[in-house]
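The values are calculated or read from the model by the stated rules, or taken from the named source; none is laboratory data. What you see is a predicted model; the values in this text were computed from it and never measured. Counting neighbours? That spans all protein chains shown, and the Cβs are built from the backbone with ideal geometry, glycine included. The protein model used for the area step is the full one, side chains on, heavy atoms only, and it has no ligands, DNA or RNA in it. Shrake-Rupley method; radii C 1.70, N 1.55, O 1.52, S 1.80 Å.
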Amino acid sequence: MAAEKLKTLLITGFDPFGGEAVNPSWEAVARLPDRIGGWRVEKRQIPTQFGLAAETVLAVAAECMPDVILCVGQAGGRSSVTPEVVAINLREAAIADNAGQQPQNEPVVAGARVAYFATVPVREMVAAIKARGIPAALSYSAGAFVCNDTLYQLLHHYHDTPTRVGFIHVPFLPEQAKNGQPSLVLETITEALAAAIEAL
Ligand code: PCA
């Protein structure tokens, strides 16, 4: 019998930013197994920098030729794991990125369309995460900082190709949450990502 052909998932998490010591997105991605269901899982940390984040993903993707690219980012203040529905063509940063860039009212890609929908099955991902008893919901805005920037650039690059692209925002870890902000423990965030991957 022929061996099952594994598909390749490139999954990324960001480095810490905004004065935080950790970024739960990378902490969780780093703990994923190398194989989940029919997926070979390639994990990388990417920098919280406008432009360079997407460039880093594209450089790795050129080597590992993923079927799906899933980026994961921290969304402090959110209480659930949130697959992003859409990326918009706007850079508008409330804080500086890790290279000191703080663009205001700039396009991600000049002259390109206003928005792209994610090309992964976001509703199935939410259902799969909830089925594990973990809070999950669709998000209709990835913001206008580096996470949206990365998702937009990847969706623009892979538009009309078979490569599917998605993004999941995750809450703070308990040690980051101040003044009653919501959080999830690392094991729960990691399990949520594994559930989302099984829904791809
Ligand atoms: N979250 C930020 C950028 C890096 C990260 O983890 C964002 O939501 O844009």
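Data table
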item	result
Other-chain or far-sequence residues with amide H under 5 Å of Ile36's (modelled H)	Val41
Net +/- balance of residues flanking Gly76 in space, Cβ distance below 10 Å, scoring K and R +1, D and E -1	+1
Within straight-line cross-link reach of Lys178, aspartates and glutamates at Cα separation under 13 Å, skipping those fewer than 8 residues along the same chain	Glu20
Heavy-atom accessible surface of segment 116-186: percent carbon and sulfur, 1.4 Å	56
Hits among lysines - C-alpha to C-alpha of Lys7 under 16 Å, sequence gap 8 or more where chains match	Lys43
Packing-based order for 43-50, 115-122, 177-184, using average beta carbon neighbours within 10 Å, highest first	43-50, 115-122, 177-184
Per residue, in Å², the accessible surface of the chain once ligands and nucleic acids are set aside, probe 1.4 Å	45
Fraction of beta bridges assigned by DSSP in the chain that are antiparallel (%, nearest 5)	25
Proximal charge balance of Ala144 [Cβ under 15 Å; K/R count +1, D/E count -1]	-4
In order through segment 8-23: 3J(HN,Hα) via Karplus (6.51 cos²θ - 1.76 cosθ + 1.60), integer Hz, x for Gly, Pro	10, 10, 9, 10, 10, x, 8, 6, x, 8, x, x, 7, 8, 9, 10
Equivalent ellipsoid, the chain (semi-axes from 5 times Cα gyration tensor eigenvalues, Å)	24, 22, 15
Percent accessible area from carbon and sulfur atoms, segment 73-113, protein chains only, probe 1.4 Å	46
Ellipticity estimate at 222 nm from DSSP helix runs (n ≥ 4, -39,500 (n - 2.57)) divided over the chain, nearest 500	-8500 deg cm²/dmol
Euclidean distance of C-alpha centroids, segment 67-126 and segment 18-63, integer Å	14
